[in-house]
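Student: Please see the structure below; I have some questions.
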Amino acid sequence: MSVSAALMDELKGLELADDAATLRLKSRDFFWFSPVLKRQLDACRADLVVRPKTREEVLQFAAIAAKTRTKVTVRGGGTGNYGQAVPLEGGIVLDMGALNRVLDVQPGIGTFEAGATMLDIDKALAPEGWELRFYPSTRKQATIGGFVAGGAAGAGSCTWGQLGDPGAVIAVEVVTVEEEPQVIRLEGRDVLKVLHAYGINGIILSVTVPLAPAHPWAERIVAFPDLKSAAAFGQTFTEADGIAKKLVSVFDPAIPPKLGRVGKLVPEGRAAAIVMVSEPQADAMAAIARDFGGTVVFERGAADAQAAAFEGTGSYGPLYEYTWNHTTLHALKRDASITYLQIKFPSEHSLEVLTCLAETFGEEVLMHLEFQRRFGKVAFSALPLVSYTTDQRLAEIIATINATGALVSDPHSYVLNNAGWKRIDAPQPEFKRLADPHGLMNPGKLAV
């Protein structure tokens, strides 16, 4: 579609942008991690970007979009990987980044506007002694509304689980896209109606989440003889409930050389773990690592680690920016033929399945593990680096992995229903009919 003069007149008073550079920037996320999505989505563009600054402007916009039957794609920081922020059919990108206030903080709970970045939230919470329970590796750019709409887990999930776990999100305010917009507050299990829903189910206005007491998070890199011993350490350390931890990431020996300067800290041929641990308990972590042949090869105290995250100081950025999806980003900078997958390992025999997959694929699929709690139990998922050759071979790799009892959530599809094990057990299509009665929100992302 093109933007009509009548629609532009309706939108008068809102911040608008229609220059080519802004339209390209705001019509993209990190879909290009996938060669499949890059082919499908690279040319997609919005016709206009609207950036509301207040709740009232969001309601005003929703009414206009409904009245004019204008397609809408809601955007936070654009740090997702599956094309959530990409408008398949043009229309308007609604950039929520200006709604970025901390609305309320009480002991153990905080409410934030959807456009607040997770790093800025933690900066605001730090003087009060609180912090977000978990955040993605894109903490600096990712908004809390975008994380709820398209994320799942991150640094802190080794202790606090994932977004889909009971109690991880307390409440979400959603604006409906209709001629007389409503603000609907979803609480308890009802928040699942908008969780990981690609922004198809209304405009997220604010998010209320539980908070955690802040710890002095020290950073460590630990080298291990091989992937098996590093993974066994990850499992044992994550299960050590007496040690406060924020991050447990494990890497195949071939991955550190793909991580730039930080990777050079790991001796050649060694597997590695990146860990964030409460500083007073770092020695207890190191003792567990030694049980599996591990040696600490880099350490940074909590004050310096926080300064690296909050202020950008130090020789290395925060180490969480080498984990989760950032691992793939660093590898892609050095080898454009790399892509990735997302794998959930079975609760039983997970280390055996990991060993089987590592032996089956060798250098073709390099295992990168993220340890977490899933509904209270310690588990790990993988974001392996995959040498991409053809779509057919990628499909064969996925089928082989699924046959072992591990489950692939396919990051090479932008369709919500194709998201594999990340699908949410909630009536999302039913809520969409209420929140988006004209079918204007992020069309094409939900197969019906």
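The values are calculated or read from the model by the stated rules, or taken from the named source; none is laboratory data. Bear in mind the structure is a predicted one, so any value in this text is a computation, not a measurement. No Cβ is skipped: glycine too gets one built from the backbone with ideal geometry, and neighbour counts run over all protein chains shown. Keep in mind that these areas ignore ligands, DNA and RNA; they rest on the heavy atoms of the full protein, side chains included. Shrake-Rupley method; radii C 1.70, N 1.55, O 1.52, S 1.80 Å.
Student: Per residue, what accessible area does segment 144-246 have, given a 1.4 Å probe and all protein chains present, in Å²? Don't skip to the answer; put the middle values down first.
Tutor: On the way: 3020 Å² over 103 residues.
Accessible area per residue, segment 144-246: 29 Å².
Student: Sum -39500 (n - 2.57) across every DSSP H segment of at least 4 residues in the chain, then divide by the residue count to get the 222 nm mean residue ellipticity, nearest 500.
Tutor: Mean residue ellipticity at 222 nm (helix-derived): -8000 deg cm²/dmol.
Student: Follow-up question, since we're still on this one. Multiplying the sequence separation of Ile109 and Glu352 by 0.36 nm and subtracting their Cα-Cα distance, what value in nm do you get? Show your work: numbers first, answer last.
Tutor: Working: separation 243, 0.36 × 243 = 87.48 nm, distance 3.95 nm.
Roughly 83.5 nm would be gained on extension.
Student: Evaluate the charge dipole of the chain about its Cα centre and quote only its size in Debye, nearest 20, assuming +1 on the Cβ of each Lys and Arg and -1 on the Cβ of each Asp and Glu.
Tutor: Values: 44 positive and 51 negative charges, 90 e Å.
Using Cβ point charges on Lys, Arg, Asp and Glu, the chain gives about 440 debye.
Student: Between Glu268 and Ala254, what is 0.36 nm times their sequence separation minus the Cα-Cα distance? Round to one decimal in nm.
Tutor: This chain segment gains 4.2 nm when fully extended.
Student: Which value, in Å², gives the accessible area per residue of segment 310-428 when a 1.4 Å probe is used on the protein heavy atoms?
Tutor: Working: 5010 Å² over 119 residues.
Dividing the accessible area of segment 310-428 by its residue count gives 42 Å².
Student: How many nm separate the modelled label positions at Arg334 and Lys228, each set 7 Å beyond the Cα in the direction of the Cβ?
Tutor: 2.6 nm
Student: What nm value, rounded to one decimal, do you get for the distance between Ala284 and Asp42 when each label is placed 7 Å out toward the C-beta?
Tutor: Here the answer is 5.1 nm between the modelled labels.
Student: Cut-off 18 Å, label point 7 angstrom out along Cα-to-Cβ of Ser315: give me the residues of segment 212-236 whose amide nitrogen falls inside.
Tutor: So the set is 219-223.
Student: By a straight-distance test (C-alpha under 17 Å), which lysines pair with Lys333 as possible cross-link partners, with residues fewer than eight away in the same chain excluded?
Tutor: Candidates past the 8-residue exclusion: Lys38, Lys258, Lys264.
Student: Would you mind telling me the share, in percent, of accessible area of the chain contributed by carbon and sulfur at probe 1.4 angstrom? Write down the numbers at each step before the final one.
Tutor: Values: 8920 of 17380 Å².
Roughly 51 percent, rounded to a whole number.
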